[in-house]
Amino acid sequence: MRMLVLIALVGLAAQLVDGGLGMAYGVTTSTLLLTIGANPAAASATVHLAEVGTTLVSGLSHWRFGNVDWGVVAKIGIPGAIGAFLGATALSNLDAAAARPFMSAVLLALGLFILVRFTVGGLRPDRLGRAIPARLLAPLGLFAGFMDAAGGGGWGPVGTPALLADGRLEPRKVVGSISSAEFLVTVAASLGFLFSLGSQGITWSWVLALLIGGAIAAPIAAALVRHVPARVLGPAVGGLIVLTNARTLLGADALDAPATVSRAVMLGIAVLWLAAVGWSVLQHRSGSHAGSVSEATTADEVAKPTAAAASGSSAAQCSESVHSAR
């Protein structure tokens, strides 16, 4: 029972992050299931079965709050579903012993991508509002869907930063559209796993626990998406994923590194992670302060001509009063 409560809490926390950032539900929950000994294909299948429910609730919540561009959902979601089915089939045919290091390596790479992207990256406001062509969305969806199923997560980490970097869709609609399209991806991946594996290795109580936790968090995350500082949350989540999967790769199933080497590497990753989060917090505060100063300066510049006009009008009225008195 304690394990189910833990899994449900992880599902809740992961969905809060995913709903606010547009990524990390799959990589976070898959990492947990691998850590507690789940078979890689079964872990990915468990996560995707749970996500059928959580992404449906998340998509409806984002739609209700006006965070969805349905044209983008269709153009990226359908290719994503095809890629997810292919990825699920590929992972199901890998030997479990070989799949565990492979899956951890994929998750580590995705975590590193999130960490770097949101620590040093920024948004591009110059292209906001332009239509995103299908020639970009279709291959992006295909690749992200394949990585999502084969790696236990990747739809958000690949799709969200790519659309944010593209700059043609406002951030809240990037998150909402990616989250809504993920429903198609999870349905396709789940079908791929069920056709290839049946229900072998899937613990349905884990699926239910993840689903309940995620379903509770989804509406909250959709409501808060406008207020989440992505530049801070991204490095925090990315660093956690890198740290956890580096531990797996350094272990006996992969590199079998000496204990002293493992500890040194883990300590180095932890230090870099904390530094990245600290830097991101400073950059976020600096950006917020600069925006406030800019708004205040603009308000002053607008107020000065208004005040001058008001002063001139008052002077004119006084002059008219004097002439009238004479």
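Here are some notes:
- The stretch 34-84 and the stretch 131-165: distance between their alpha carbon centers, rounded to Å: 12
- Global size of the stretch 1-284 as Cα Rg and Dmax, reported in angstrom: 17.6, 52
- Mean Cα-pair separation over length for the stretch 1-284, i.e. relative contact order, pairs under 8 Å, 6 or more apart, %: 36
The numbers here are math on the coordinates, done by the rules we state, and not lab data. None of these values were measured; they are calculated from a predicted model.
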